[in-house]
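Below you'll find the structure, written out as structure tokens, and then a few comments.
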Amino acid sequence: MGSYSKLKINNLFVADTKRDIDPFLMILFRETDKCVEIKRVIDHYEYYDESEINDYISTLEYRANAQTIIDRLDILGYTLGTAQKYFEISRQNRLKSELDLRVRLEGYDFPEDNSSINYYESITVQEWMENIRFLVNNESRLNKRYPKSKNFEFMLGQGALHLYGFPGYDYRVLLRLILETSKNSELIYDLTELKDNIFDEEDELIEYAQHLLTEDFYRSQKTIILTEGSTDKSYIEKTLNLLYPHLSDYYRFFDYNTGNIPAGTGNLKTLIKSFSNACISNRVIAIFDNDAAGHEAKIELQKENLNDNIFITTYPNIELANNYPTIGPTGKSLHNINGQACSIEIYLGEDVLRKNDGELCPVEWKSKNKKINRYQGEIVEKKYVQKRFLKKLQKCTEDKTQITKHDWTALNKILHIIFSAFNAHDAEDLLSEAIENRNYV
């Protein structure tokens, strides 16, 4: 019979693979999701021999909650909007295929069955998601009821073998839609049957999956993050590890200290060009300060013929910076410092930037950038702000319950720029694949 890897959402069987893992599914997990347990056979398997009732087995599973997998799918480009568009394109493809098949079978003595055509003519992504929610949450059994529609009956008849009437072929799109309907569920990748026969429980299966995915390199390998310096790198990386530990392993931050490489706007600009010229295969996200020098560098790089796997951006505009205290030749005043004086310190949280007297640490204007006609500014008490942030970071790292008591708004905006950097590119690729699949349905 062979050994299978099996994917489930709660108790709903979704997919299996014979004698190996599915690398596209495997990279949705991290080694920290691995669970090795001793269970009774009757507690682990739905079907078993009576002679196994008192037997125990060592199980190997990767488990993660729905929101964790949703977040990971999003940064890989499988956003809800893209998944819904993929569904509609695939539905049209399948309908065309079913209609073409009926034409080819005219004149043959086959019983006429229009159930597939009727299904693909009428099913919407919203109805499909609502129906699949019943199956994931087992509501039809618990409440002895289910949606009374022919589309739901068709989905039941299709079962896991035909993806419950999902019209496409990409399991990651399937999962993104299902998990959106059931955010309290758990995704389980059961590799118990492969353990010992194919793998050992100590094997690094995520790394193995990455080796298999040479054709999906961008999504399987870590994205490299470039910042203007080691301080930016340290603060963003540590915040990512604190707030989104389930996503941190998808990124690698360039370390200026390791190679004793000088930091700064100009050096980051040179580094980006070097990465492009060297045809680095990994995706690269380069983030400049949201100041005059950063915007000048971004404008200049946008004129370069950089590779498509390099994303250039600046720190985002934030509300706090719209009316911020500054010091200039004419004295103290409030100004919008977005695009002129927002270094990483401005994003470390209002609780860090406000001194004991309640005043914000001011920005001092330095000089005018004539190329883009903007003034360049810099926060005055930089070391003070950095010291306070490191204390906040340490406090929250030691006690996670403190996280919600502090301000992470601006740093979260930076992280979400990182998470969504290639979403538009991925959506274009994924939907193009769906359109091309109409030739192979």
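The values are calculated or read from the model by the stated rules, or taken from the named source; none is laboratory data. These numbers come from a predicted model, not from an experiment. In this analysis, Cβ positions are derived from the backbone assuming ideal geometry, glycine residues included, and neighbour counts consider all displayed protein chains.
Summed over the range 341-392, residues that are part of a helix (DSSP H, G or I) and in contact with a strand residue (DSSP E or B) (Cβ under 9 Å, 6 or more places away or on another chain) total 6.
Within the range 282-334, the set of residues being of a type in the set (V, I, T) and not in a loop (DSSP other than H, G, I, E, B) comprises V284, I285, I287, I299, I310, I312, T313, T314, T326, I327.
Listed here are the residues, each with its yes/no results for (1) among the hydrophobic types (A, V, I, L, M, F, W, C); (2) assigned to a loop (DSSP other than H, G, I, E, B); (3) at pLDDT 90 or above; (4) farther than 30 Å from P245 by Cα.
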{"position": "F29", "(1), (2), (3), (4)": "yes, yes, yes, no"}
{"position": "V36", "(1), (2), (3), (4)": "yes, no, yes, no"}
{"position": "K39", "(1), (2), (3), (4)": "no, no, no, no"}
{"position": "S58", "(1), (2), (3), (4)": "no, no, no, no"}
{"position": "Q67", "(1), (2), (3), (4)": "no, no, yes, no"}
{"position": "L73", "(1), (2), (3), (4)": "yes, no, yes, no"}
{"position": "R94", "(1), (2), (3), (4)": "no, no, yes, yes"}
{"position": "P111", "(1), (2), (3), (4)": "no, yes, no, yes"}
{"position": "I117", "(1), (2), (3), (4)": "yes, no, yes, yes"}
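The residues in the range 209-227 that are at pLDDT 80 or above and either touching a strand residue (DSSP E or B) at 6+ places or on another chain (Cβ under 6 Å) or surrounded by fewer than 16 Cβ atoms within 10 Å (Cβ to Cβ) (or both) can be counted, and the count is 6.
In a helix (DSSP H, G or I) and at pLDDT below 95, is that true of E202? When the stated conditions are applied, E202 does not pass them. Only one of the listed residues (I285, I299) is in contact (Cβ under 8 Å) with a residue 24 or more places away in the chain, assigned by TED's automatic domain parsing to the domain that holds K370 and closer than 18 Å to E237 by Cα. That residue is I285. Among the residues of the range 394-418, those that are outside any loop (DSSP other than H, G, I, E, B) and under 20 Å from D289 (Cβ atoms) comprise T409, A410, L411, N412, K413, I414, L415, H416, I417, I418. Every condition in (1) in a strand (DSSP E or B); (2) closer than 27 Å to S432 by Cα; (3) at pLDDT 90 or above holds for K6 except the one numbered (2).
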